[in-house]
């Protein structure tokens, strides 16, 4: 019987169009084809083996054993697992080559010591685990067909169909190797070509290592920063430049809870902040690709800007449930699509414009089409900024005047002013400066509690929100302002665990919260990185560094982070790996490095604190 693995026991492989989750027991339990947001052909991650999986492991393994060692090969997305058995040792190398034709998963089994009997059992279940395919042989190749999908499995070992799976039993001795290649194609099309697995491995390693060498970060914990950068790159849909928030759906924020959302789409916010992190460590090409995606997605209709799109810019992300999947550890429902696509989230304008500003500072060439879009976005925002919205956390309750949303509106106006002053935009500077001052006055008057000396979650609220930690980070107020220090202290006191990990906002097991949902959740890893930044900026650098190190210790053995962490069970929760978490790691590492070096802040605004990006 296969055990129930923890989320962090999965490694990620991908081809920058989709990805697969490889468990340390040798199973691939999640794979969507041909791209991130298409139906899974392996969905055991959200159910059981009958919902689709592919396991390669020693034949003696019963399903409870795991590989003795795992690692990524250098600075790449090629995953190695080493198994030890009584008769010898074997290495399994998993990767997805950058796509030149059909999407492929390649698994190479190499004998290291002695002889090891092995078993490969591929159980494809297209349609998110719902469909049992027709498995048959075509020209000496095994193929599983269902509807529009065809999965071809090529290997030098003998294959047979058994109980809805393609099974191979074989033995590898030291120095020998056996390769398996799984290729996807339309069932009505020609069979995909069979690649040379060793050549594909060499190409894959070179592509990733060449890309990683562009990283300019040379500070402490470089390995963690580079691994996070590779993970963010793996979440990029190369043909369009879109970036998914995570490659999974419905991994729960609380075990057994209902906060299970589909993250396989491109959020304006997540993609923008991801690009900001990559820009900070030397990756400029991705910003250009994202800018082109932005122009196509928004098109000529910035007044109807969505907060998320699919990876190619499609707008229809209607949400529905998959009742045949029981969910990860029984956490139902499993959802596809995301109803938050239709929400109003005013902060998105700030994140998008901030990234355009950073790209300009980073040397990305001027684009007149982007400038025209920027002008229309800021004009539209100037008309709507006083409206309540659903905010950064995509609440499913009533709209509010969230303080973070208003702060990010201020950021949008401030960065527009900076770009105009640099000659990159043609706008009415006097009007925008007046608007910036108006927004600032209103937030300080309506979003601040002078009795408790803290900003609040929304106007008139007594609640707190971890997003308030960004106030000094984005330059809304200086880090030494008493109101900033009071807010950081309040969030630390009311939303942090004894370990220093931070919740987004208060939740309760039996009470409907501001988000319109009942139930608790784990600490939010991005918010914990925000606390690192807030502590460091407010003069508590050593405390920030200590928290950063504790967060690094939460990573999986492969350096990956999910969305949340449950301190009670000491495990990762939520969709995985999460772009927000890895972006936060990079941003905190950069800030700590700058503050360690005591670098001066850019003098572009009176509001900018030391250490702001």
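A few remarks follow.
- Within the range 355-377, none of the residues are within 30 Å of residue 47 (Cβ to Cβ), touching a helix residue (DSSP H, G or I) at 6+ places or on another chain (Cβ under 9 Å) and in a helix (DSSP H, G or I).
- Out of 216, 204, 169, sole residue that is loosely packed, with under 13 Cβ neighbours inside 10 Å and either touching a residue at least 12 places away in the same chain (Cβ under 8 Å) or farther than 28 Å from residue 111 by Cα (or both): 216
- Among residues of the range 228-247, those that are farther than 14 Å from residue 562 by Cα and in a helix (DSSP H, G or I), counted: 4
- Out of 174, 179, 165, 200, one residue alone is in contact with a strand residue (DSSP E or B) (Cβ under 9 Å, 6 or more places away or on another chain) and outside the structural domain of residue 35 (by TED's automatic domain parsing). It is 200.
- Qualifying positions in the range 457-487 - assigned to a loop (DSSP other than H, G, I, E, B) and touching a helix residue (DSSP H, G or I) at 6+ places or on another chain (Cβ under 6 Å): 459, 464, 474, 476, 477, 479
Each row is one residue, and each column tells you yes or no for (1) within 30 Å of residue 248 (Cβ to Cβ); (2) at pLDDT below 95.
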| residue | (1), (2) |
| --- | --- |
| 546 | no, no |
| 563 | yes, no |
| 568 | yes, yes |
| 577 | yes, no |
| 603 | no, yes |
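- Restricting the first member to the range 85-100 and to residues that are at negative phi and not assigned by TED's automatic domain parsing to the domain that holds residue 68, and the second to residues that are buried (at least 17 other Cβ atoms within 10 Å of the Cβ) and not in a loop (DSSP other than H, G, I, E, B), no beta-carbon pair is closer than 6 Å while six or more apart or on different chains.
- Among the criteria (1) over 28 Å from residue 58 (Cα atoms); (2) buried (at least 20 other Cβ atoms within 10 Å of the Cβ), the one residue 209 does not fulfil is (2).
- Residues of the range 479-499 satisfying the condition of being over 11 Å from residue 534 (Cβ atoms), touching a residue at least 40 places away in the same chain (Cβ under 8 Å) and crowded, with 19+ Cβ neighbours inside 10 Å: none
- When 271, 287 are checked against the criterion of being touching a residue at least 24 places away in the same chain (Cβ under 8 Å), in a helix (DSSP H, G or I) and in contact with a strand residue (DSSP E or B) (Cβ under 7 Å, 6 or more places away or on another chain), 271 stands alone in meeting it.
- Test for residue 347: is it under 21 Å from residue 238 (Cβ atoms), in the same structural domain as residue 245 (by TED's automatic domain parsing) and surrounded by 18 or more Cβ atoms within 10 Å (Cβ to Cβ): no
- Scanning the range 322-339 for residues that are within 24 Å of residue 391 (Cα to Cα) and in contact with a strand residue (DSSP E or B) (Cβ under 7 Å, 6 or more places away or on another chain) turns up 333, 334, 335, 336, 337, 338.
- Out of 251, 278, one residue alone is outside the structural domain of residue 102 (by TED's automatic domain parsing) and in contact with a strand residue (DSSP E or B) (Cβ under 9 Å, 6 or more places away or on another chain). It is 251.
- Any hit, the range 309-329, residues being part of a helix (DSSP H, G or I), over 19 Å from the mean Cα position of the chain (by Cα), under 23 Å from residue 575 (Cβ atoms) and modelled with pLDDT under 90: no
- From the options 75, 69, residue that is under 27 Å from the mean Cα position of the chain (by Cα), more than 20 Å from residue 154 (Cα to Cα) and surrounded by fewer than 16 Cβ atoms within 10 Å (Cβ to Cβ): 69
- Checked against (1) surrounded by fewer than 22 Cβ atoms within 10 Å (Cβ to Cβ); (2) in contact with a helix residue (DSSP H, G or I) (Cβ under 6 Å, 6 or more places away or on another chain); (3) on the phi < 0 side of the Ramachandran plot, residue 453 passes all but condition (3).
- Residue tally, condition under 15 Å from residue 373 (Cα atoms) and loosely packed, with under 12 Cβ neighbours inside 10 Å, over the range 415-433: 1
- Look at the range 565-583: where a residue is without any contact (Cβ under 8 Å) to a residue 24 or more places away in the chain and a partner is part of a loop (DSSP other than H, G, I, E, B) and surrounded by 24 or more Cβ atoms within 10 Å (Cβ to Cβ), sitting 6+ places away or on another chain with Cβ atoms under 9 Å, you get 568/522.
The values are calculated or read from the model by the stated rules, or taken from the named source; none is laboratory data. Computed from a predicted structure; not experimentally measured. Positions of Cβ are generated from backbone atoms using ideal geometry, with glycine treated the same way; all protein chains shown enter the neighbour counts.
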